[in-house]
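Report on the following structure.
The values are calculated or read from the model by the stated rules, or taken from the named source; none is laboratory data. Worth saying up front: this structure is predicted, and the values here are computed from it rather than measured. FYI the Cβ positions are ideal-geometry reconstructions off the backbone, even for glycines, and counts take in every protein chain you see.
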Amino acid sequence: MASKKSSSPQPVQTLGPERSVRGSSYLNRTAETPDPWKLCAALEYGGDRSFASAVERLVVQTSPSNWAKVEEQLLTTLALPTCTEAGRAFLCKMLGLVGSARSVPALAALLREAKTADAARLALEVIPGPEASAALRDALASLPARAKAGLIGSIAARRDSAARPALAALKDNTAEPAIVRGTAARALERLGAS
């Protein structure tokens, strides 16, 4: 036997305001949603990185045509007075992915701070353009030995032949620690091969 279909329509279930997308509860929840960029600025080593992972995915998935917008947001976040050491390191890493000459002044300033020198250097190492090379060269005279050795490595990785005179002077300067002189010598060898 065939069953008869009911001719009366099924009632539409409605959601109360507390469950409705348009309801006040939803609006309250979205108004309380923290800004992931500001959370990245407040990042602490060993702390919750879920928001940083979300921002990193956003940066990585951004098409090159939109890199300037993301770069601007990263620079704005980096400039926040509440930005932590871990936040700066993370933001520098992200600028290394999408940064341009516009990022160089902010990163160059961070090169001179012991706690952020490595993160800034690594970002500048991969940012294209002569501005990044010049910022790395300019910082050579002002960094302590360990940071200077890393900086020399970044200059060599960029194949910055304009740094040859400064590297030769460091290699021959007996007042410099052995690590700096040795790194300068290896950088000159690498630049000679390019």
Exercise. Can you spot a residue in the range 147-169 that is closer than 18 Å to Arg112 by Cα, among the basic types (Lys, Arg) and part of a helix (DSSP H, G or I)?
Worked result: yes
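Give Ala119, Ala89 a once-over and let me know the one that is more than 16 Å from Asp160 (Cβ to Cβ), in contact with a Lys or Arg (Cβ under 7 Å, 6 or more places away or on another chain) and either at pLDDT 95 or above or surrounded by 22 or more Cβ atoms within 10 Å (Cβ to Cβ) (or both). Give the steps one after another, and end with the answer.
Numbers: Ala89 fails: in contact with a Lys or Arg (Cβ under 7 Å, 6 or more places away or on another chain).
Just a single option satisfies the conditions, and that option is Ala119.
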